[in-house]
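Here's the structure, in structure tokens; my notes come after.
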Ligand SMILES: [Zn+2]
């Protein structure tokens, strides 16, 4: 999976599926999802600015060209539509950023956990509690044990606030947001990135205090490689390409979202997406014109 050859094999399988499952052989549209996921593994291992990642994409581009030629032969070039996108980007290796003069740091998971634990301990002491407040942490933030504070009559929101205040002084932390701030349904806030974190917040699963790391502070358990999962542009900026039947030629410069993908495909198929779906169809709603209606179905 750490090589370009994994996704060459994935596309071999995709071609086989088109043939064996007889995709595109009748009037009902078929959808084939192909996950070219070695991009993620290669990106984690070597970073986006590496020779290895470049090699991966050169080979993927070539193999995708072969796949399109296969679809042209098999289905006809006006009888299919391709959507090509990604679910996230990735941070360059912090060492590579440093080499290029960009302030960046690598925080090993054990140091990350220790720093969050220590900051939470300061809050515990200030609140006069005797048992540890810190329960656990993950890359999203800190989970607290509120049993003692609650039994002493301290409001959970007050305890979370105190902990968040201490976590904000941890060197690799840009902001700390409490569960109360994230679940509050008040008007949209202009606090940076708060709205994005609200979209990622789930009251019964998310940490008591969620953390936004500084822009190029990478938390990882290894001394090499890189990762994703921040709200910054290197993570959230994705390609989105539509190609083939029903797609007008052109380059669009407006902001788009991953959530536009399903409504756009629905629009190209002539199907109205449900009203509560996030995202919009980027080409509006089209009648499906790629195949004429069967004569026997006409009135
Ligand atoms: Zn990944």
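Spatial offset of the range 230-246 relative to the range 31-88 amounts to 13 Å, using the alpha carbon center of each.
When the Cα gyration tensor is reduced to axis lengths a ≥ b ≥ c, the ratio a/c is 1.5 or higher for the range 105-220, and with a/b not above b/c it is classed as oblate. On a 0 to 90° scale, report how tilted helix 51-75 is relative to the longest principal axis of the chain, with both axes built from alpha carbons and the result rounded to the nearest 10. Once rounded, one gets 30 degrees.
Secondary structure note: in the range 105-220, about 75% of the DSSP beta bridges are antiparallel. For the chain, the average shadow cast by the Cα convex hull is 20.9 nm², which is a quarter of the hull's surface.
Taking the chain as the reference, fit the longest principal axis to its C-alpha atoms, fit the long axis of helix 109-127 to the helix C-alpha atoms, and give the angle between the two in degrees, 0 to 90, nearest 10. The angle comes out at about 40 degrees.
Expressed as an acute angle from 0 to 90° and rounded to the nearest 10, what is the orientation of the C-alpha long axis of helix 5-20 relative to the principal long axis of the chain? It is inclined by approximately 50 degrees.
Listing 222, 110, 166 from fewest to most neighbouring C-beta atoms within 10 Å gives 110, 222, 166.
Bear in mind that the values in this text are calculations on the coordinates, not laboratory data. From a predicted model like this one, the values you see are computed outputs, not experimental measurements. All Cβ positions, glycine included, derive from the backbone under ideal geometry; neighbour counts span all protein chains shown.
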